[in-house]
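Asker: Starting off with a structure, shown below.
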Amino acid sequence: MDSARSRLEVHGYVGVGERTLADIQFGLRFSPALCAIGVAAGTALASPVILLAMMLTAILGSATPRHPFDLVYNYGVRHLLGKPAIPRNAAPRRFSCGVAAVWLLPTTGAFMAGWAIPGYILGAAMAGMAAFVAVTHICLPSLVYTRLFERVGHVPEVSVHEAFHRLQSGAVLIDVRDHDFWSAGHAEGSRLVAMDKLQEEYGRLDADSTVLVVCQGGVTSLKAAKVLRDAGFLGTCSVRGGMAFWLRAGLPLASNEAQ
């Protein structure tokens, strides 16, 4: 599971509990598998129409939080399997969809121009890469994006906007700032927990909890999140930029009254 977790965190699926991670793995294979099948069919039939349709799904997967095939899974297939919905696409996976769309453009163009051999080569490579993602959860474009634009370390991070979305969906938000900072403004539903009191939270969490940790600037929260992950709460991540970024983004705050 640790290997699968590290691969999926490269896709941006951080802060996911152990049980949830196990339950959504099939769903996360569903879209790349359908992509592989669609591109393989379009390539084998030398069909620009099919390849254009696949390119459109890739564009939508890049531009929106849900790939069209993710919607098929969430609103249909998962109910037959009794599985939870898969999370929204994070930036790394959306980037990989964009790469796929760009790749399919010359593939489609080659067949439209009558250049069959380049079309077959490009199409087969695209289908093979999608199949590889479906089987292994290893996606090279997502890895490239993470290496270039994300801080990669032992503790995963999420943006303040993603943290807000997860908080609305029932995640636990632990605020490790000083009481004065907390009193000046904090996220609705967050818990004020001092760094030296983190162990007291263990009994209030379970292994499948989605836990977000926030501080003022995003540094102390990394340390606190590591403490929780080392204690077995692997669905823990730090909020990048802390409450400073939260305020800058204009996200809502709770009452200024101390709690």
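Asker: Kirkwood Rh, Cα Rg: Rg to Rh for region 117-238? Mind showing how you got there, number by number?
Answerer: On the way: Rg = 18.9 Å, Rh = 16.5 Å.
Answer for region 117-238: 1.14.
Asker: Quick check: pseudo-label points 7 Å beyond the Cα along Cα→Cβ at Ile121 and Leu253, how many nm apart are they?
Answerer: 5.9 nm
Asker: Follow-up question, since we're still on this one. How many Å² of accessible area per residue for the chain, probe 1.4 Å?
Answerer: Value for the chain: 48 Å² per residue.
Asker: Among Phe149, Leu167, Leu122, pick out the residue whose Cα is farthest towards the positive end of the charge dipole of the chain, where Lys and Arg carry +1 and Asp and Glu carry -1 on C-beta, about the Cα centre.
Answerer: Farthest towards the positive end: Leu122.
Asker: Compute the label zone of Ala207 within region 232-249: residues whose backbone N is under 16 Å from the point 7 Å along Cα-to-Cβ.
Answerer: Residues 232-236 fall inside that zone.
Asker: Whole Å is fine, so just give me how far the alpha carbon centre of region 179-228 lies from that of region 84-153.
Answerer: First find each Cα centre; the distance between them is then 36 Å.
Asker: Let me know the charge dipole size of the chain about its Cα centre in debye, to the nearest 20, where only the beta-carbon of Lys, Arg (+1) and Asp, Glu (-1) is charged.
Answerer: Roughly 620 debye, rounded to the nearest 20.
Asker: Right, something else. Which entry in (1) 55, 43, 41; (2) 69, 41, 34; (3) 69, 35, 30 is this structure's computed Cα extents along the principal axes in Å?
Answerer: Working out Cα extents along the principal axes in Å from the coordinates points to (3).
Asker: Using 7 Å Cα-to-Cβ label points, what is the Thr64/His179 separation (nm, one decimal)?
Answerer: Between Thr64 and His179, the label points sit 4.9 nm apart.
Asker: Note down the relative contact order for region 115-259 as a percent, whole number, built from C-alpha pairs under 8 angstrom at least six residues apart.
Answerer: 27 percent
The values are calculated or read from the model by the stated rules, or taken from the named source; none is laboratory data. Bear in mind the structure is a predicted one, so any value in this text is a computation, not a measurement. With ideal geometry, Cβ positions are generated from the backbone for all residues, glycine too; neighbour counts draw on all protein chains shown. To get the accessible areas, we keep the full protein, side chains included, count just its heavy atoms, and leave off ligands, DNA and RNA. Shrake-Rupley method; radii C 1.70, N 1.55, O 1.52, S 1.80 Å.
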